[in-house]
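Structure first, commentary second.
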Amino acid sequence: MTMLCLKAASLLSTKPFYLHFPVPKHQLNPFFSSFKPEKPYSASASRSQIRMSSSSTPPQTIEHIVLFKVKENIDPTQINTMIHSLNRLISLDSVLHLTAGALYRTKSSPIPFTHMLHSRYSSKENLSAYALHPTHVQVVKESVLPICDDIMAVDWVTGDLNGGDSLVPPSGSAIRLTFLKLKEGLGDEVKDEILGVIQGIKDTFGGIDHISCGENFSPARAKGYSIASLAVFRGLSELEAVDSDKELANLEKAKVRDYLESVMVLDYVVSSSRV
């Protein structure tokens, strides 16, 4: 479903979705505050206890997406500092993969987000350890909150990513993110149907390296979006090819359209530089 993202804003209707979310005017609550690890963070935790070997992929992977809306007229130096600081968090033991930078394109979104962070973990506990790590907390307080108007975060559990090569999208890969807000009252059977449609997208469209999708488990920070998907394409040309096949995309969209209240679709290109 969320892979309906593969169509873009037009996948859902001839008119884009415009839901209005209030932009906080006061200091934003740290988006890591909702994490409650089973054990307090310990700086002495060994890499062998937290981080898996880079040559293997866990049976299940935790996806963590954070969207940032940078304030207008912010000094570019401050934006660069934010991106640089976020990317340096890849050094934390609990992180399997992390990339942060400017969005390439917003296909459909009620909020004009400007930047994103994508990271992966082997467990929810490791995501919590990352969120509460002193270095992460410092980056958020000093480099993110002062220059951002709004922040949204979505987390989900995905299955096997087809081996270690899929765990870290290579430089130049194009990522399409899709977040779905469902109509009220839908049961688990409908959610399973939507996720099934999304998982089948890879077999329908060419150029997709892998697809990750699942139900968000951090609702307090997701602005009502409950299903998320992430499609990794080999490059922008493959992503553009999907958008150009409107007939096929509309066919996929029709399978779940009646269940949707709103859809958010954003594109991101993995940078070759890791500052």
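For the reader, a short list of remarks on this structure follows.
- Here Ser237 fulfils each of the conditions (1) modelled with pLDDT of 90 or more; (2) of a type in the set (S, T, N, Q); (3) surrounded by 15 or more Cβ atoms within 10 Å (Cβ to Cβ) apart from (3).
- Summed over segment 98-121, residues that are under 20 Å from Ser218 (Cα atoms), modelled with pLDDT under 95 and not hydrophobic (A, V, I, L, M, F, W, C) total 2.
The values are calculated or read from the model by the stated rules, or taken from the named source; none is laboratory data. Bear in mind the structure is a predicted one, so any value in this text is a computation, not a measurement. Quick reminder, even Gly has a Cβ in these numbers, built from the backbone with ideal geometry, and neighbours come from all protein chains shown.
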